[in-house]
Amino acid sequence: MLQIPLFQLESFGPLPTIVVAVLSIIVIFVTLVKRYKRCPSDRILVVYGKVGGGESAKCIHGGAAFIFPVIQDYQFLDLTPISIEVNLVNALSKQNIRVNVPSRFTIGVSTEPGIMQNAAERLLGLAQADIQELAQEIIFGQLRLVVASMDIEEINSDRDKFLTNISQSVESELKKVGLKLINVNITDIVDESGYIEALGKEAAAHAINAARKSVAEKNRDGSIGEANAVQDERTQVAAANAQAVEGENTAKIAVANSDSLRRQREAEAERVAIASEKVQTANALKESYAAEQEAETARAERERSSQLADVIVPAEIDKRKVEIDAEARAENIRRIAKGEADAILFKAQAEAQGQYEVLTKQAAGLDQIVKAAGNSSKDAVLLLIADKLPELVKTQAEAIKNIKIDKVTVWENGGGENGKSSTSNFISGMYKSVPPLQEMFNMAGMQLPDYLKGKELPTDPSEDVTEDTSSKS
């Protein structure tokens, strides 16, 4: 490297500093570019170191990644297919018959995400020969297992099933180390005991016998076919002749039927024409009669409408007048009844108002009477009865006022029971016939005079009973 003394760089001024900075940037850029790795399509880029996510490596196929210096590094896995020849010898089948299975397997590193991670963990750093040897051991073991699980007949006759079983068994084990089975090719299968060869001879004998049988059947079918052909020829010729005669007869019958049908149709057409003419004539008469009937009906309807207008319309007018008069009378009656009802109501209200005034005045008077009696209801009742006593006595006297005392003649002998004369007994009995005032006076707390109660009065010799009685009466 070219070295320049420091004192010489200082003589150049700030230019060397800029150059150093630019060179540093270029170096850093080149380093970064070299650490950015692109992955080709036939390889897998495995980045290992501190890749994050808790994984030991990061696999990239068909992309690119930046490899951080110091903390990360990278390596490629080759995806080139590997062809492995596997000659399985003395493999024990399910029938305990040993067979030889020469085959060739084509494998490669898988690009599936999970399997690719297995390849990065188990195959990274191995050479292709080492990978081939590892895969060969896995294939040998799985191939022996498949042969041991199948019969010789299945292995020999059903090759598709045999190949499917091999592919499933081998591929499931190869995925564990990150490999993928691409192709399987079984060249031939032989056994030491000659069982497969015997099966082949048996199959060949079956095939030969089947071919001979097929040839005999074909010859037989040819003879039978020839005889059938002759028979068919004679039958078809006879049938053709019969069919020809039948055709002629059918043609004659068809001609006769055609003539008969023609005559029938001509007669039918003539009958239909005659009937149609008659129908048309009848329809014309019918339409004429119908038109006349409609005209008569219209005329009758017009006359009926005219009569209805002459009779019904005046009747309707009179009826309407009667209804209007009845409504007017009903309205007048309703108004009169309403007026009378209002008058009765007003009268009843006036009478009620008068009764109310009278009762109010009476209540006020009774209140004054009770106050005058010293707020004693009993004394107030006595005052009221005393006030009405003349009317009561008058009423009592009315009961006997029409008796003509001067016309009464009493015959007595001067004596009587209990020292009473007949005249006094008569007067006392007459007063007893008066309506009983004693009960009414008793309820009011008053006493009637003794002479009104029928009690015996004290006798006075100077007084004459007859005169006293006559004077009282």
Response to the item:
Flagged in the stretch 123-142 as touching a Leu at 6+ places or on another chain (Cβ under 9 Å) and modelled with pLDDT under 90, in numbering order, are 123, 124, 126
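Name the residues in the stretch 166-193 that are touching a residue at least 24 places away in the same chain (Cβ under 8 Å) and assigned to a helix (DSSP H, G or I), would you?
Within the stretch 166-193, 166, 169, 170, 173, 174, 175, 176, 177 meet the criteria.
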Worksheet item: Can you tell me how many residues in the stretch 95-147 are surrounded by fewer than 19 Cβ atoms within 10 Å (Cβ to Cβ) and in a loop (DSSP other than H, G, I, E, B)?
Response: 9
Item to complete: Any chance you could count how many residues in the stretch 34-86 are within 18 Å of residue 118 (Cα to Cα), surrounded by 14 or more Cβ atoms within 10 Å (Cβ to Cβ), modelled with pLDDT under 85 and touching a helix residue (DSSP H, G or I) at 6+ places or on another chain (Cβ under 8 Å)?
Response: 0
Practice prompt. Inspect all residues belonging to the stretch 103-113 and state whether any of them is under 16 Å from residue 180 (Cβ atoms), assigned by TED's automatic domain parsing to the domain that holds residue 174 and of a type in the set (Phe, Trp, Tyr).
Written response: yes
Fill in: Residue under evaluation residue 71, criteria (1) touching a strand residue (DSSP E or B) at 6+ places or on another chain (Cβ under 8 Å); (2) over 19 Å from residue 154 (Cβ atoms); (3) not assigned by TED's automatic domain parsing to the domain that holds residue 48, criterion not met
(3)
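The values are calculated or read from the model by the stated rules, or taken from the named source; none is laboratory data. Everything numeric in this text was worked out from a predicted model, so none of it was measured. Counting neighbours? That spans all protein chains shown, and the Cβs are built from the backbone with ideal geometry, glycine included.
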